[in-house]
Amino acid sequence: MHCHILPGVDDGSQDMQESMAMAKQAVEAGITHLFATPHHLNESYVNVKDDIIDRVIKLNDCLQQENIPLSVHPGQEVRIHRDIFTSLEKGEILTLDDNGTYLLLELPSGKAPTYTQEVIYELLLKGITPIIVHPERNKELLEDHKLLFELVQEGALTQLTSSSIIGLFGKNVQSFSKKIIEHNLAHFVATDAHNIGTRGFALQQAYETITKAYGIQQTFYFKENAEMLIQGQGPSIEKPVPFKRKFLGVF
Ligand code: FE
């Protein structure tokens, strides 16, 4: 539900040949459907809705010609932005499968902007549920777990990145990923694949790690939620568990 397979639009695949290689890797990883979610409104890339939809059609044509059994659906990874509602009014924002219900929302890797809660609230009012991508890689959330709990409590969903779970982004990000799962604050696991190298489709390894740590039910939960998105239905949501406050002992 989150990858950069669309060629030549962002820091993911650079051309159709690379996209085909990524598609083959995805199929080998057991993936049958995926959402192509190019960056939008981050500091470097602008990818508006209609353009993404056109490019996804071309990508699917190419996959068919090459006999690669993968179905690509349109999506977008939107950087949180004050102007997000102007962009929405102009028809530039693309929800998953363009059905107006789920939107991948990215926070900057350093800070969560002061207007984060407000934007999430406004999106929910419009019937759009934001899915915060890789919260485990956001510095501020890493330092302030309570903020993530509040965002989920408010109604946002979250997606962990598979390579974070298997430790490719370091120990801190890995242990925060585990805490997020343990507090019922994660709803999806996705690859956020950018290429076939260091940022590929490490989905199965992540599921294996989750199964080992929490049992097969937890893996089923993530898989079923991803499947729900493809079917245009709502995922199941577990009640978020607040983080225990750390008391500093004074002696
Ligand atoms: Fe991404």
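The values are calculated or read from the model by the stated rules, or taken from the named source; none is laboratory data. Keep in mind it's a predicted model, so treat the numbers as computed, not measured. Because the Cβ atoms are built from the backbone with ideal geometry, glycine has one as well, and the counts that use them run over all protein chains shown.
Quick one: is ILE237 surrounded by 13 or more Cβ atoms within 10 Å (Cβ to Cβ), β-branched (Val, Ile, Thr) and within 24 Å of LEU70 (Cβ to Cβ)?
On the way: surrounded by 13 or more Cβ atoms within 10 Å (Cβ to Cβ): yes; β-branched (Val, Ile, Thr): yes; within 24 Å of LEU70 (Cβ to Cβ): no.
For ILE237, the condition - surrounded by 13 or more Cβ atoms within 10 Å (Cβ to Cβ), β-branched (Val, Ile, Thr) and within 24 Å of LEU70 (Cβ to Cβ) - is not met.
What residue, of LEU151, LEU160, is of a type in the set (A, V, I, L, M), assigned to a helix (DSSP H, G or I), modelled with pLDDT of 95 or more and within 23 Å of LEU229 (Cβ to Cβ)?
On the way: LEU160 fails: assigned to a helix (DSSP H, G or I).
Answer to the check: LEU151.
Name the single residue, out of those in the range 6-49 being in contact (Cβ under 8 Å) with a residue 40 or more places away in the chain and within 11 Å of the ligand (Cβ to nearest atom), that is surrounded by the most Cβ atoms within 10 Å (Cβ to Cβ).
My answer is THR37.
Pick from ARG55, ARG82: which is closer than 25 Å to MET16 by Cβ and not in a strand (DSSP E or B)? I'd like the intermediate steps shown before the answer.
On the way: ARG82 fails: closer than 25 Å to MET16 by Cβ.
Checking each option against the conditions leaves just ARG55.
Could you tell me whether the range 112-130 includes any residue that is within 16 Å of the ligand (Cβ to nearest atom) and either touching a helix residue (DSSP H, G or I) at 6+ places or on another chain (Cβ under 8 Å) or hydroxyl-bearing (Ser, Thr, Tyr) (or both)?
We begin by selecting, within the range 112-130, every residue within 16 Å of the ligand (Cβ to nearest atom); these are 130.
Those left that are additionally either touching a helix residue (DSSP H, G or I) at 6+ places or on another chain (Cβ under 8 Å) or hydroxyl-bearing (Ser, Thr, Tyr) (or both): 130.
Checked against the condition, which is being within 16 Å of the ligand (Cβ to nearest atom) and either touching a helix residue (DSSP H, G or I) at 6+ places or on another chain (Cβ under 8 Å) or hydroxyl-bearing (Ser, Thr, Tyr) (or both), the range 112-130 yields at least one hit.
How about the range 113-148: which of its residues are assigned to a loop (DSSP other than H, G, I, E, B) and closer than 20 Å to HIS2 by Cα? Reasoning before the result, please.
Applying the first criterion (assigned to a loop (DSSP other than H, G, I, E, B)) to the range 113-148 yields 113-115, 126-128, 134, 138, 144.
Scanning the range 113-148 gives ILE128, HIS134, ASN138.
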